[in-house]
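Everything on this sheet refers to the single structure shown next.
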């Protein structure tokens, strides 16, 4: 038992040594249980013919793996009687056994059991003899041996094991109630059996979804700190972008509100009449973006100029066309000239004003108004008492 305890500690130390890179996934109490059936022979260790005195043996077991190295289990074995008896069995042995997986202990545990593994097992139990005539006898036993395990299947859910072991009757009475010759508990090869059995074991699926232990990567704390720092940087960047997006949405809402107000009040008519000391008059005709056609809403502004020119035969008019800043300079020059010519054409063709009294020039991009869109205009300036 002392040796088993030492091997268990070594196994735990071996697992800890590999924990720098990976660690076992957390398990529950209900994980890593297994059940098995055993069958084989039992024969006295000394003073008997090996095969001549061999008896059949059957048993069941319930196991729990605590780590990939250490586990324990309960095993019940019965030896079948070969002579006349009131029962079918010579003896039964109920044992509590500890197991150390030597393969995982010395070679380390991978993410699943190997195809072949060797376990050392040892423990103690209750030995009961089914005597014939004088009554049954009880004692206690110890057991030590090996499990040669073959793990089968893609999921390693099944294990076939060959199990050589030695079982000692620690009381040394072999089922005979000879209290006069009673001896204290001791190891004696003359009161021991060799047990050779084979068994099949099924491993239940655990909470990790596997029939065995699984490993997960254990991150280095410096790596975790670095990742957390990157996450915090990304969060700050997202917060800044959200603030910028909030501001942009505010500007969009404000512009949308302005657009709605402009749509609600209908077409914008830019007209003004300014009379200075020279007694000049100005009239403004607005145009749509990229257009040089005079809208019906702007024709009263042209008619106002025509009416003045009819009533003042000596007056002339200077028409200057402008464009808003969108587009290239060459295009804006053409549009500005076309807007001036459109007003001149309407004065001549519709209101019969002599072309000699009209000057039409394009001025390119205008900057008379604070809103760029409002500079899509033609401005008519009437000159008093100046006949061309």
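Under the condition of being part of a helix (DSSP H, G or I) and at pLDDT below 90, which residue from the stretch 352-388 is farthest from residue 285 (Cα to Cα)?
My answer is 372.
What is the one condition in (1) over 60 Å from the mean Cα position of the chain (by Cα); (2) part of a loop (DSSP other than H, G, I, E, B); (3) surrounded by 13 or more Cβ atoms within 10 Å (Cβ to Cβ); (4) at pLDDT below 90 that residue 279 does not satisfy?
(3)
Out of the residues in the stretch 314-344 that are in a loop (DSSP other than H, G, I, E, B) and in contact (Cβ under 8 Å) with a residue 24 or more places away in the chain, state the one that is farthest from the chain's Cα centre (by Cα).
Here the answer is 314.
Those residues that are closer than 15 Å to residue 64 by Cα and either part of a strand (DSSP E or B) or not assigned by TED's automatic domain parsing to the domain that holds residue 58 (or both), I need them from the stretch 198-218; list them, please.
Matches in the stretch 198-218: 201, 202, 203.
So residue 30 ticks every box in (1) closer than 21 Å to residue 158 by Cβ; (2) in contact with a helix residue (DSSP H, G or I) (Cβ under 8 Å, 6 or more places away or on another chain); (3) exposed (fewer than 15 other Cβ atoms within 10 Å of the Cβ) but one. Which box is left unticked?
Going through (1) closer than 21 Å to residue 158 by Cβ; (2) in contact with a helix residue (DSSP H, G or I) (Cβ under 8 Å, 6 or more places away or on another chain); (3) exposed (fewer than 15 other Cβ atoms within 10 Å of the Cβ) one by one, residue 30 breaks only (2).
Return yes or no: is residue 349 in the same structural domain as residue 322 (by TED's automatic domain parsing), modelled with pLDDT of 85 or more and under 17 Å from residue 300 (Cα atoms)?
Judged against the criteria, residue 349 is a match.
Somewhere in the stretch 172-184, is a residue part of a loop (DSSP other than H, G, I, E, B) and either at pLDDT 95 or above or not assigned by TED's automatic domain parsing to the domain that holds residue 127 (or both)?
no
Assess whether residue 187 counts as being modelled with pLDDT under 90 and over 48 Å from the mean Cα position of the chain (by Cα).
yes
For residue 27, indicate whether it is in a loop (DSSP other than H, G, I, E, B) and touching a residue at least 40 places away in the same chain (Cβ under 8 Å).
yes
Can you confirm whether the stretch 128-140 contains a residue that is touching a strand residue (DSSP E or B) at 6+ places or on another chain (Cβ under 8 Å), closer than 17 Å to residue 196 by Cβ and in contact (Cβ under 8 Å) with a residue 24 or more places away in the chain?
no
From the list 50, 72, exactly one residue is in a loop (DSSP other than H, G, I, E, B), assigned by TED's automatic domain parsing to the domain that holds residue 92 and surrounded by fewer than 19 Cβ atoms within 10 Å (Cβ to Cβ). Which is it?
50
Can you confirm whether residue 59 is at pLDDT 90 or above and within 17 Å of residue 196 (Cβ to Cβ)?
yes
The values are calculated or read from the model by the stated rules, or taken from the named source; none is laboratory data. The model shown is predicted, which means the values in this text are computed figures rather than measured ones. Counting neighbours? That spans all protein chains shown, and the Cβs are built from the backbone with ideal geometry, glycine included.
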